[in-house]
Amino acid sequence: MSGMWLIRGRNALRRRRRHVLVLVALAGGALWMIVQAWRSGQTFRGDLYLNVGAALIMTLLTYVVLNPLFRELQTASIIEHPRLDRDALIERVAQSRETVAILETWTSMLEGPYADRFSDALRCALANGATVRMLLLDPDSPAVRLRGAELRRRDASVAILNNIWHLARLREELPESSRTRLQVRVYNAAPSVQMYRWDGKAFISFFPVRGSTFDTQQIEAYVSTPLGEFVADRFTELWETAPVQDLESCLALRLCLRQAGRELETCEALYVRVDGDWYIAGRDLVRNVARHGLGGLTVVLDRPEAAGDVFDLGEADELAPEVYRRVVELFRAKYGLDGRHDTENRVIFNLVDARLTRAA
């Protein structure tokens, strides 16, 4: 909680500092011009400095007087919608030239009949030079299980992983110049607010206890209003503290394979998590298991949440059938294994804490 207020306080201080800098720049420029006019006397240059200085003073006074009025007008222009206007959102995202920011558990804009249109809108925004930042909920967090229970009809983990699959496909289709501006992070805090931002405005909604945020009241507001600033600060807080901070980390797990104290290979693997346990797949894994066998083969993950942990490899298909079916379901949602990956990537291993194996 202290971290949340620290980030909000820092953002508020940054905004106040920006206003102060504008005022100081205008006042300093006006003062410099007047001094130069006094030094130049009654000459053309002196008259020029005096006129420009007077114009800067008028601009300063206008800013001081009108800026609060503009903020009040923006606050008064808040529009309430009975539900999310998906068509309007697609149109406005496509026209964005600076920022698209999405805070969600997962977005159904990447599902069903809206998926292609919304992907095209994101592609247009990126082509316009905008940065797209998307925050999705950790598919294995306690919060996502609670949200799934609230929605009853939806498997929240599958929906989130399917969003990641769509975003991975979109990134593959983008030109190199746009890929770095498509940014995805995964947060693990309790979801409280939804935001779809395009440049200086956003659709904002608070999560209902029952039902989807898409079907609840939406507030369309400028980000510079108090409500907009509150939600933008929440987005910044979650963005800066997200444990998974890029799309590559959402898709691939970097690990080191060892055997008998000897390092064999550092490689990347596909992965999902179920109830805190890691499940991995990949051709490099299959190749090393075929060459060295599972006996004594250990894995060290290059991941902050598993720093220093050593795991033994197990074959996931030897687990309880319901666990294995769940793992396969999540792999399919995240990677589309049936159509996009070869047979080697369908061989799934589970990671077992080596300390538990030794104790047994």
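Using a probe of 1.4 Å on the protein chains alone, the accessible area found for Thr180 is around 100 Å². Estimated from the Cβ-Cβ distance and a Förster radius of 51 angstrom, the FRET efficiency linking Glu265 and Asp116 is about 0.85. With contacts taken as Cα pairs under 8 Å at a separation of at least 6 residues, the stretch 230-306 carries a relative contact order of 30 percent. Full extension of the chain between Arg83 and Asn128 gives 13.4 nm of extra length, using 0.36 nm per residue less the Cα-Cα distance.
If the segment from Ala189 to Leu48 were pulled out straight at 0.36 nm per residue, it would be longer than the present Cα-Cα gap by 45.0 nm. The spacing between the stretch 108-152 and the stretch 234-263, judged by their C-alpha centroids, is 20 Å.
The values are calculated or read from the model by the stated rules, or taken from the named source; none is laboratory data. Nothing here was measured: the structure is a model prediction, and the numbers come from that model. All Cβ positions, glycine included, derive from the backbone under ideal geometry; neighbour counts span all protein chains shown. Keep in mind that these areas ignore ligands, DNA and RNA; they rest on the heavy atoms of the full protein, side chains included. Shrake-Rupley method; radii C 1.70, N 1.55, O 1.52, S 1.80 Å.
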